[in-house]
Structure formats: C-alpha cells, structure tokens
Amino acid sequence: QTPSFDRLAEAVAGRLQFADKVALSKWDTGKPVEDKEQEAKVISGVAALPDAQRLDPALLRTFFANQIEANKLIQYTLLADWHRNGRAPDTIRPDLVKEIRPTLARYTETLVHELDVVSGLRENKDCPASLAKAAGNVVVTQKLDRLHSVALDRALAGICVADTAVKKP
Ligand SMILES: C=C(O[C@@H]1C=C(C(=O)O)C=C[C@H]1O)C(=O)O
C-alpha cells in the first residue's frame, strides 16, 4: 500500500476530539488550559517510543508542540463559548489524570508510528497539497465542525519540508 497522509490526519483529528473532554474537565476543576509541566512530559515521553528512534528528534518536538497548540486552541474557544452561554454541556467527563491523559498518550504512540510511515513523503513537492487534502477528507469522514477543522490544519502545519507556515528544525 502506498503511504499517504490519511491515517496521520485521522489520528491527529482523533487526538483533537479529546480536547473537548479536556476543556470540560478544566471547566469543572478551574485548572488552567495550559499546563507546561504536562506538556514537557508529553514531549519527553515521545522520545522514548520505539518508532521515535527512526525519526528526527527536532521534527518530533515541533510536531508534538503543534499538537499541543491545536489542543489548547480548541480548549480556549470552547471555554469562551461556555462562558458566553453561562454553562458547559452536561455530557460525561472522564477524569483528566486517570482517563484523559492516558488516552492522549495512546494517541501519541499512534501519531509517532504514522509520522514514521509518512516520513518519505515530507520532501515531495506536492506534500502540502496532499496533506491539506487528507485533512479535508477527515473533516468529511469525522464530520468535524469549523473549530476542529481549523485546529486540524494547525496541528498538521510544519510536517512538509516545503511548508513555510511553521519554523522547522
Ligand atoms: C491536554 C491538556 O491540556 C493542554 C494540552 C496538552 C496536550 O495536548 O497534551 C498538554 C498540557 C496542556 O497544556 C492537559 O492538561 O492534559
């Protein structure tokens, strides 16, 4: 099977869907959206994964910093919406430490694996177009709203060598 960005984009979107649950837990607990200590744990955890050994450590750091930025973008927007409405949805909220962060960690493993799969596509001239189209397909299949589509493009920025949107190592 020829490698494509489809699975990477799916996994990135999957991780982003969890930002909603993170935001709910922060609404309930009053904890800040940004947790620098947790971010450092996520980034240092990546380097220890088997698939990470084949990848450029600087690319991994940039890529996961972008996943975290996109996650926070969703959290800030949802929290502001809920403040405007005076209430948050009453959907089930998993516990941040016991449930959400372990789930995010499993996405991290999948993401590192998928990054490894597409590593040969990063240099291609059509990389930005292929990546953006893969994201567009995920928007349709996962029925992403505008906020999550915006965050998806943000999270994917910087993967292509020819992409000038985000500074690369
Ligand atoms: C997801 C969280 O919120 C933010 C986003 C993080 C992430 O995407 O991994 C990590 C820390 C926080 O800055 C969290 O606190 O766990």
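For the stretch 55-71: of the residues being within 9 Å of the ligand (Cβ to nearest atom) and touching a residue at least 40 places away in the same chain (Cβ under 8 Å), which is most open to solvent (accessible area, probe 1.4 Å)?
Initial filter on the stretch 55-71 (within 9 Å of the ligand (Cβ to nearest atom)): 64, 67-71.
With the extra rule that they be touching a residue at least 40 places away in the same chain (Cβ under 8 Å), the set shrinks to 64, 67, 69-71.
Numbers: F64: 1, Q67: 2, E69: 80, A70: 0, N71: 11 Å².
Among them, the one singled out is E69.
Applying the criterion of being basic (K, R) and closer than 17 Å to E109 by Cβ to the residues of the stretch 20-54, the residue that is nearest to the ligand (Cβ to nearest atom) is K41.
As a summary of the residue check, S44 satisfies the conditions (1) among the hydroxyl-bearing types (S, T, Y); (2) in contact (Cβ under 8 Å) with a residue 40 or more places away in the chain; (3) surrounded by fewer than 15 Cβ atoms within 10 Å (Cβ to Cβ) except for the one numbered (2).
Taking each residue of the stretch 15-41 that is closer than 15 Å to A65 by Cβ and looking for partners that are within 8 Å of the ligand (Cβ to nearest atom) and among the β-branched types (V, I, T) with beta-carbon atoms closer than 6 Å, six or more apart or interchain, yields E39/I68. If I go through the stretch 133-153 residue by residue, how many of them are surrounded by fewer than 20 Cβ atoms within 10 Å (Cβ to Cβ) and either outside any loop (DSSP other than H, G, I, E, B) or not aliphatic (A, V, I, L, M) (or both)? Residues flagged as surrounded by fewer than 20 Cβ atoms within 10 Å (Cβ to Cβ) and either outside any loop (DSSP other than H, G, I, E, B) or not aliphatic (A, V, I, L, M) (or both) within the stretch 133-153 amount to 14.
Give me the residue from the stretch 72-96 that is assigned to a helix (DSSP H, G or I) and away from the ligand (no atom under 13 Å from the Cβ) and, out of that set, surrounded by the most Cβ atoms within 10 Å (Cβ to Cβ). First the steps, then the outcome.
Start the filter on the stretch 72-96 by keeping residues that are assigned to a helix (DSSP H, G or I), which leaves 72-85, 96.
Then drop every residue that is not away from the ligand (no atom under 13 Å from the Cβ), which leaves 77, 80-85.
Working: T77: 17, A80: 10, D81: 13, W82: 15, H83: 11, R84: 8, N85: 9.
That would be T77.
The values are calculated or read from the model by the stated rules, or taken from the named source; none is laboratory data. Note that the structure is predicted; figures quoted are calculated from it, not measured. A quick note on method: Cβ atoms are made from the backbone with ideal geometry, for glycine too, and the neighbour counts reach across all protein chains shown. The area values use the complete protein model at the heavy-atom level, side chains included, leaving out ligands, DNA and RNA. Shrake-Rupley method; radii C 1.70, N 1.55, O 1.52, S 1.80 Å.
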